[in-house]
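Inspection log for the structure reproduced underneath, given as structure tokens.
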Amino acid sequence: MDRYGIVCRSVYENSEITQRELASILRISLGSTNHLVSMCMEKGLITGGSEYGKYAVTAKGMEYLEQFRVDGAVITAAGFGSRFVPLTYETPKGLLEVFGERMIERQIRQLHEASITDITIVVGYLKEKFEYLIDKYNVKLLYNPEYACKNTLATFYHARELFRGRNMYLLVSDNWLRENMFHQYECGAWYSSVHTDGETSEWCLTFNKKGRIQSVSIGGENSWVMYGPAFLSRSFSDTFIPFLEKDYFRPGTEQHYWEHVIMNHIDKLEIYMNFQPENQVYEFENLEELRHFDPRYQNHSDNQALQIISSVFHTNESEIRNIRCLKSGMTNQSFLFELKGNSYICRIPGPGTKLLINRQEEEAVYQAVAPLDITEHIIYFDGATGYKIARYYEGARNADPRSWNDMTACMSVLRRLHQSGIKVGHSFDLKSRIDFYEKLCNHRQSILFEDYAQVREWMDQLLTRLKKLNRSVCFSHIDSVADNFLFLPDGSVRLIDWEYAGMHDPLIDVSMCSIYSYYTEEEFDRLITIYLDRNPSEEERFVLYSYAALGGFLWALWAIYKSSNGIEFGDYTIVMYHYAKQYYKKIRRLQLLSLK
């Protein structure tokens, strides 16, 4: 940290600064400060001085300061913010308001006050929500394509060229800074640091007498910790970026933070503490902390899900506690919450599902199947929006597709459903669904498979043959993935998530369960015999394999459409598409297509 530069900057910003105030800024004794000021005068960097300050930076001092001029700032805003659900289902965390001002806008305004106007925001999740900032503040947006699967090390990697050869602030969009801590000039790399009492899981720091960071460890007690923004000088970045690039390509670092690079290479990096007082920097960990800080969030979050819960249970939002993000489903987003000693799950329809799911039909399904008492306990369902509140079963677990005992129980539930005699006024039509998803994908120009035309022709052959069989139909679940079977502590099994349910050939549920479970052909055949409690006939075998092929084709199209909405499912699309080809070829190999 260049102390001459800090003296010049401090005088530049406040000509009446006293040596006692300089000593506080530099964290050195008054005697050492007096010597440092004298040295600056001898070098011709500042002039003047008295008991009350009255210093001035000379032309030589301003020339000296120029090497420390801040070139710009990067604000990371790519992440989801899972600990702030359900607010972040609608709004990125950095765009949440605190005392009527969005957190990211507060930081942009503070940067502007320090004459820092070259600002880039690294976006990912709900990236379109940040677009308005381009016109409002003349910022730039940089997209991080790996925001959903990697951590901030990857974020920094994609933004690294913005730091190379430049003096740059690195901010996090969801920090709230009470006082403006930015300057036109920064005299060395630093990381904002606050002191914590007791045990902490934060990144703890040790440092020498000059404030240079000597070690970083995750977790500790009674320690100074990394907390808030950082400043990276060009000399720091010149050393840091090669380490970053090497770590980015090293296996096992996908979930690393960029601070891991500092921790692993601190002996070769010169970065200092920027000591901050209590109540200056805020990193809200969850909605409860934000509620405590800004009382508005206690009962007026402006969040639709919380408003619905409050209305359904006739309570204030502040009573909705311990909100936790559940693993996002492939169609919806859900969160767990506690209210008056009970736990519930609130489901929010995912992006793009309005075109894919008929919520009125789903509501009718839940009403029809209620007498069987095999679904989750529904507290609230809105057939217009798809919002659903259901009881949470403490201690429940999902079915394990690798456990044949589990799958035997699951097939028993399906048989009970299929034999129930329940009927609904709509069906699940494979052909119309495939046509519809294909149309959606074509509209987005999203179909990328080289052999799609050939495979589509194969699927048409199967659809035509199935239609000629004129199979009988019954009430079917369609979405019989293992995760939708819940094993309760009392030994009962429940089947949840009935979005696609309707009248259909019941064998489709067996085929769908198989491909959802990524089963091999041998495993699929075993599942068939468990469901039927016998070997299948040739016609049943053709039907089951056809549904496996058509299901794979259908869900591949579905996943492609979801991908066009920015939602990725890893290798799911490829696996499903391969099932379409695999089971069509199996049907041809077994000569089942020509069955009469």
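Every number here is computed from the coordinates shown, using simple stated rules; none is lab data. Values in this document were obtained by computation on a predicted structure and should not be read as measured data. Here the Cβ positions follow ideal geometry from the backbone for every residue, glycine too, while neighbour counts run over all protein chains shown.
Distance from a point 7 Å along Cα→Cβ of Glu278 to each backbone N in the stretch 216-244: keep the residues under 20 Å and list them by number.
From the stretch 216-244, the list is 220-228.
Output wanted: per-residue J couplings in Hz (rounded whole) for the stretch 417-428, from phi through Karplus 6.51 cos²θ - 1.76 cosθ + 1.60, θ = phi - 60°, x for Gly and Pro.
4, 5, 9, 6, x, 5, 10, 10, x, 9, 10, 9
How much FRET efficiency would the formula 1/(1 + (r/R0)^6) give for Asp71 and Tyr132, where r is the Cβ-Cβ distance and R0 is 22 Å, rounded to 0.05?
E between Asp71 and Tyr132, to the nearest 0.05, is 0.35.
For the residue pair Glu101 and Glu21, what label-to-label distance in nm results when each label sits 7 Å from Cα along the Cα-to-beta-carbon direction?
About 2.2 nm, to one decimal.
Residues with amide H under 5 Å of Ile121's amide H, sequence separation 5 or more or different chain, H placed in the peptide plane at 1.01 Å from N; which?
So Ile121 has HN proximity to Ile75, Lys140, Leu141, Leu142.
Given H placed 1.01 Å from N in the peptide plane, which residues other than close sequence neighbours of Tyr185 have an amide H under 5 Å from its amide H?
Answer set, sorted by chain and number: Val70.
Given the -39500 (n - 2.57) contribution per DSSP H run of 4+ residues, what per-residue ellipticity at 222 nm results for the chain, rounded to the nearest 500 deg cm²/dmol?
That calculation yields -12000 deg cm²/dmol at 222 nm.
Note the full-extension length gain between Lys431 and Arg397 as 0.36 nm times their separation in residues minus their Cα-Cα distance, in nm to one decimal.
Details: separation 34, 0.36 × 34 = 12.24 nm, distance 3.41 nm.
Stretched out fully, the Lys431 to Arg397 stretch lengthens by 8.8 nm.
Got the relative contact order for the stretch 394-589 handy, in percent, Cα pairs under 8 Å and 6 or more residues apart?
Details: 261 pairs, mean separation 52.3, N = 196.
Taking the mean separation of contacting Cα pairs over the length of the stretch 394-589, I get 27 percent.
Give me the percent of DSSP beta bridges within the chain that run antiparallel, rounded to the nearest 5.
Details: 55 of 75 bridges.
Looking only at bridges with both residues in the chain, the antiparallel portion is about 75 percent.
Taking the Cβ of Pro401 as the center, what net charge do the other residues with Cβ under 10 Å away carry, scoring Lys and Arg +1 and Asp and Glu -1?
-3
Could you calculate the FRET efficiency of Leu372 with Leu448 from 1/(1 + (r/R0)^6), where r is the beta carbon distance between them and R0 is 56 Å, rounded to 0.05?
0.85
Is the C-alpha gyration tensor of the stretch 1-160 telling us rounded, prolate or oblate? Criteria: a/c under 1.5 is rounded; beyond that, a/b larger than b/c is prolate, otherwise oblate.
Prolate.
Output needed for the stretch 3-67: three equivalent-ellipsoid semi-axes, defined as square roots of 5 times the C-alpha gyration tensor eigenvalues, in descending order, whole Å. Before the final figure, lay out each step's value.
Numbers: eigenvalues 56, 29, 23 Å².
Semi-axes from the Cα gyration tensor: 17, 12, 11 Å.
Pairs of alpha-carbon atoms within less than 8 angstrom and 6+ residues apart define the contacts here; what relative contact order does the chain have, in percent?
It rounds to 9 percent for the chain.
If each of Glu523 and Asn470 carries a label point 7 Å out from its Cα toward its Cβ, how far apart are those two points in nm?
3.8 nm
Residue by residue through the stretch 116-122, what is 3J(HN,Hα) from phi via Karplus (6.51 cos²θ - 1.76 cosθ + 1.60, θ = phi - 60°)? Round to whole Hz and write x for glycine and proline.
The phi angles translate into 9, 10, 7, 10, 10, 10, 8 Hz.
Using alpha carbon centroids, what distance separates the stretch 261-294 and the stretch 90-105, in Å?
Comparing the Cα centres of the stretch 261-294 and the stretch 90-105, I get a distance of 18 Å.
Mind sorting out which of (1) 1.09; (2) 1.03; (3) 0.96 is the real Rg/Rh (Cα atoms, Kirkwood Rh) computed from the coordinates?
(1)
Give me the net charge for the shell around Thr152: Cβ to Cβ below 13 angstrom, other residues only, Lys and Arg +1, Asp and Glu -1.
Working: positive: Lys150, Arg160; negative: Glu146, Asp174, Asp247, Glu254, Glu259.
Result for the local shell: -3.
Answer rounded, prolate or oblate for the stretch 485-596, using the Cα gyration tensor with square roots of eigenvalues a ≥ b ≥ c: rounded when a/c is under 1.5, else prolate when a/b is larger than b/c, else oblate. Please list the in-between numbers first.
Values: a/c = 1.92, a/b = 1.10, b/c = 1.75.
Because a/c hits 1.5 or more and a/b fails to exceed b/c, the stretch 485-596 counts as oblate.
Between Val172 and residues 5 or more places away or on another chain, which pairs have amide H atoms under 5 Å apart, with H built 1.01 Å from N, and which residues are they?
Thr76
By counting other Cβ atoms within 10 Å of each Cβ, how are Ser546, Ser223 ranked from fewest to most?
Ascending Cβ contact count within 10 Å gives the list Ser223, Ser546.
Please list 3J(HN,Hα) in residue order for the stretch 495-509, calculated via the Karplus relation 6.51 cos²θ - 1.76 cosθ + 1.60 where θ = phi - 60°; whole Hz, with x for glycine and proline.
Going residue by residue, I get 10, 10, 6, 9, 5, 9, 4, x, 6, 5, 4, x, 5, 4, 5 Hz, with x marking Gly and Pro.
Can you give the local net charge around Asp71? Use residues other than it whose beta-carbon is closer than 12 angstrom to its beta-carbon, Lys and Arg +1, Asp and Glu -1.
+1
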